[in-house]
Amino acid sequence: MQESFSGPEDSRTLARMHLTTLDGQLQAILDQKDLKLDDYSRAHLLDSQKRIHQILNAQLILQSVD
């Protein structure tokens, strides 16, 4: 018997959409040549973008117990 897991799948789909949008927004800020960011702010944006990329590129591994 196969169970439906639509709730978590929908959550993952929405999270992926929002993280992709946020990644684009962060990149747009970082690409602005006339915007002067202090080192702390730039580092924070770059770190946030790196974490988003890690999440978006993560692989889901399901382990079974025998």
List, please: which pairs have Cβ atoms under 9 Å, are six or more places apart or on different chains, and start with a residue in segment 45-57 that is within 15 Å of Met17 (Cβ to Cβ) and end with one that is surrounded by 12 or more Cβ atoms within 10 Å (Cβ to Cβ) and small (Gly, Ala, Ser)?
Ile55/Ala15
Asp23: at pLDDT 95 or above, of a type outside the set (Val, Ile, Thr) and exposed (fewer than 10 other Cβ atoms within 10 Å of the Cβ), yes or no?
no
Looking at segment 20-31, can you tell me whether even one residue there is assigned to a loop (DSSP other than H, G, I, E, B) and among the charged types (D, E, K, R)?
no
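How about segment 32-66: which of its residues are charged (D, E, K, R) and assigned to a helix (DSSP H, G or I)? Even if it seems obvious, please write down each step before you answer.
Within segment 32-66, the first condition is being charged (D, E, K, R), and the residues that meet it are 33-34, 36, 38-39, 42, 47, 50-51, 66.
Asp39, Arg42, Asp47, Lys50, Arg51 - these are the residues of segment 32-66 that are charged (D, E, K, R) and assigned to a helix (DSSP H, G or I).
The values are calculated or read from the model by the stated rules, or taken from the named source; none is laboratory data. For clarity, every value in this text was computed on a predicted model and none was experimentally measured. Don't worry about glycine lacking a Cβ; one is built from the backbone with ideal geometry, like all the others, and counts go over all protein chains shown.
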